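The next block holds one structure in the form of structure tokens; read it before the comments.
The values are calculated or read from the model by the stated rules, or taken from the named source; none is laboratory data. Note that the structure is predicted; figures quoted are calculated from it, not measured. Cβ placement follows ideal geometry from the backbone for every residue including glycine, while neighbour counts extend to all protein chains displayed. Remember, those area values only see protein heavy atoms, side chains included, never the ligands or the DNA or RNA. Shrake-Rupley method; radii C 1.70, N 1.55, O 1.52, S 1.80 Å.
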Amino acid sequence: MEKPRNKPILRNSLLIASLLGLTLTSIFLSRRSVSQIQQTSASIYKDRLVPTAIIAKLTSQVYNKRLQLESYVLSKTNPQPSSVAFALDRSNRQIDSLMTEFVATNLTHREAEQFELLKQRLEIYTQLEKDLIKNLANTPQAQQILFVGTGNAAFSQVNQSLADLSALQLKVGEELLNQSNGQSNYIYVLTALQIGLVLVISLLLFWKL
């Protein structure tokens with residue numbers, strides 16, 4: 001007459017094992033989602049915020065070069081071409097260093113394309129600087145025409161590429177943020193399921209005891 005008691009014990013054991021299995025599974029999924037959120041957060045900093053800061057520095061250097069060239073071409077004090085060339089060369093080395101830092105980050109396909117366009121436009125503008133300082137050093141009028149005409153167009157293209165690259169950084173950052181929010185919502189759902197499973201199986205255990 002004592003044997004039938006084994007069935008409730010077995011049933012309760014299965015319920016407890018199911019509770020533990022489902023809880024452990026949901027905990028594992030939650031931990032994996034947390035790890036993904038951490039990776040996304042690290043990517044937002046390393047591959048979005050850091051490159052954005054680099055773009056800001058690049059923009060500053062490009063404008064600094066423009067001001068140096070403007071002071072040389074339009075100034076009435078006639079600064080020495082060698083001193084201007086040295087200042088521009090220093091800015092160009094800093095730009096090259098910043099470009100190396102930027103390309104070392106994780107770029108999307110669109111960002112890589114925009115970066116290549118920026119490199120091409122910077123090369124054109126840098127060559128224009130050399131023409132103004134070396135080839136046209138003794139012809140101030142020709143310098144001013146090149147600076148105001150082709151120079152303005154080349155500078156505007158470089159500036160536009162920097163602005164487009166910055167906009168891409170913002171767009172990709174927003175996509176990563178949305179992805180992180182989706183993972184957070186997923187964790188909330190898993191947590192709710194954990195609580196629900198505990199309550200349901202606890203009620204079943206209590207009802208069967």
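Looking at region 111-132, is at least one residue at pLDDT below 85, among the polar types (S, T, N, Q), in contact with an Asp or Glu (Cβ under 9 Å, 6 or more places away or on another chain) and open to solvent by less than 70 Å² (accessible area, probe 1.4 Å)?
Scanning region 111-132, I find no residue that is at pLDDT below 85, among the polar types (S, T, N, Q), in contact with an Asp or Glu (Cβ under 9 Å, 6 or more places away or on another chain) and open to solvent by less than 70 Å² (accessible area, probe 1.4 Å), so the answer is no.
Would you tally the residues in region 96-110 being open to solvent by less than 60 Å² (accessible area, probe 1.4 Å), more than 13 Å from LEU49 (Cα to Cα) and not in a helix (DSSP H, G or I)?
1
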